[in-house]
Every structure is written in structure tokens, then in C-alpha cells.
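K.L.:
Input: one structure, supplied below.
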Amino acid sequence: MKVHGSCSDCETGDQHRATLKRRRVAPLQPGLQVVATLLALRIGYRLAKAAVGKLLAEPKVSPVDEVRHDSFHAEEHAAAADEPAGAAAREQWMACELPAPGVPDGFKLMASQQLPISTYRFYEQFLSVEATCLQDHHRSTGQYDFRSSRWKGPEGSDCHFCRLFDFMQPRKGMCTVNAHCLQQQRFSVHPGGVFVMQTDMHMDNIPYGDCFRVQSFWKAEPDPSGRGCSMSIHVAVPFLKGCLVKGIITKTSLGDCRVFFSDFLAKVQNSISSELLPQTAAEAEQL
């Protein structure tokens, strides 16, 4: 009996079927490789983001540190509570002989307001050691753990006074962690009663925080009528070194400052108007 086929024929058939199978699977392999690569990149990005977030996470403050901070705040303001109202403000209103500086280069106008009070009255009521308007405005924006030192001085040829604001800024925008903000402030009084305040702030615990600062320049000048003053606030965001997201940081910082200072001067104006309302009504009755 003749046997049809052989082992070699079977092997040839198996090889043919395997070749057809590879041809059907081959077109899918590049697509599977792309999907696998994208999946790996996505997982790697999430792991990296979680690791960075953990490294940059806001450090926990122990109860002992919180008590120490509260004590610092109380000590700084205890002396002010014992002084007669306005005493410290009057003592620190020391006009120097130097002319008032102009707005530095690179600073942009954020807010301005014509106020119906003198420059001294503006300082005493809203920025002196006895005033809390600016501090309260910081807290109203969501900033917390706020502490401020008293004005200390005078120092330098312009007889300036200095103080420090220390607070936490909640995470916002591209920043995924809370920022620790330290702001140095200095004010000086110049001939004619011109009031100038300059601030310089840097932020810790945030990406690129060591690359830039936020600075402001305040100036209150008596108006020609002698019955009020013109208040303006300018801001700059100087960079200390190169930064890939410089444009984003600058735009965001200036936008936040514009809102912050516009709202602050609006509160100042409303506060003054509320105080002047009874006086205006009494003068109207006399007429």
C-alpha cells in the first residue's frame, strides 16, 4: 500500500501556516509597541509627579513651633497695645532731607487712587504699627499663619523703618504646594510729606521659588489742594537666574498683584468714606 505524504510534507505545511500567522500578527506589533510605550510614559509621569509632590510638600509644623510663633506675634505687638493711640505713628513719621525716589525701571502700575486724606493720615490709619488693615486684607485672600513684626528704625540716610511679613500662600494655579512667603517692607518720608514704601518678597517650598522675587513700590503724594493725596502702587517681578516658565510666572504674579492691590485701595477708600459720611452729614445740616 502506498502512503500518501511524508514527514517532510507535514513540516512544510506547518512552516507555511506559521508564516501566514506571523504575517497576520506583524502589522499589529508596531501599534502594540506604541501603546505599551505611552502606557509606560504615563505611569512614569504619575510616579515622578507623586515623588516631586512628596518632596515639595509643605513641612509639618509641630505644636511647639505653633506656640512659639504665637508667642512671637504676641511679643511683637504687646508694646503697641500699651502705647497711646497714634503715639508710635507720630514718632515714626520722620521726614528725611533726601528727595522722594521715582518709580524704579521695570515696575508696572497695579493700582492708583485719589484719597481725601493726608499722606500722614493714610500711613497712620492703614500702615502704621497700630493699623491692621493690610494684614487683614492678606488674611481675607486666604493667606494664613500670618505674622508681622513691628516697624523698626530709623536707619540709613533716608531714615527708613523696616518690618517683616511672614505668611503662607495656599496652592494656586500651576503651583501644587503651599508657598511660605517672606516679605520685607521699608518706608520713608520725604520733603513735602511724600510717603514711600518698598517691599521685597520671596517664596520658599515651591518650584522655581529661588528664581524670582516680587517687589512693590508704593508712593503717596499730597495733592495741590492740600486736602488729600494721590496713592499709586507699582510692581516688578525680577528674575535672579534663567527660568523656563518665566513668562508664566511673570504674567500670573502681575495678575494676582493687580487684583490684590486694587481691592486693597478700594477697601481703603470705603473705610475713609464711612468715616467722612457723618462729618459730611453734619456739615450739610449746618448749611
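K.L.:
Only one of these conditions is not met by TYR120: (1) touching a residue at least 24 places away in the same chain (Cβ under 8 Å); (2) open to solvent by 40 Å² or more (accessible area, probe 1.4 Å); (3) part of a strand (DSSP E or B). Which number is it?
P.N.:
Condition not satisfied by TYR120: (3).
K.L.:
Could you please give the count of residues in the stretch 165-184 that are surrounded by 14 or more Cβ atoms within 10 Å (Cβ to Cβ) and within 16 Å of HIS137 (Cα to Cα)?
P.N.:
Qualifying residue count for the region: 7.
K.L.:
How many residues does the stretch 223-259 contain that are at negative phi and either in a loop (DSSP other than H, G, I, E, B) or open to solvent by 60 Å² or more (accessible area, probe 1.4 Å) (or both)?
P.N.:
20
K.L.:
Any idea which of (1) over 21 Å from SER262 (Cα atoms); (2) of a type in the set (D, E, K, R); (3) in contact (Cβ under 8 Å) with a residue 24 or more places away in the chain; (4) open to solvent by 60 Å² or more (accessible area, probe 1.4 Å) is the one LYS152 doesn't satisfy?
P.N.:
(3)
K.L.:
Does VAL129 satisfy the condition of being among the aliphatic types (A, V, I, L, M), part of a strand (DSSP E or B) and crowded, with 18+ Cβ neighbours inside 10 Å?
P.N.:
No, not satisfied.
K.L.:
Only one of (1) of a type outside the set (A, V, I, L, M); (2) loosely packed, with under 14 Cβ neighbours inside 10 Å; (3) in a strand (DSSP E or B) is not met by CYS162, so which one is it?
P.N.:
In the conditions (1) of a type outside the set (A, V, I, L, M); (2) loosely packed, with under 14 Cβ neighbours inside 10 Å; (3) in a strand (DSSP E or B), CYS162 misses (2) alone.
The values are calculated or read from the model by the stated rules, or taken from the named source; none is laboratory data. These numbers come from a predicted model, not from an experiment. As a convention, Cβ positions derive from the backbone with ideal geometry for all residues, glycine included, and neighbour counts pool all protein chains shown. Areas reflect the complete protein model, heavy atoms only, side chains present, ligands, DNA and RNA absent. Shrake-Rupley method; radii C 1.70, N 1.55, O 1.52, S 1.80 Å.
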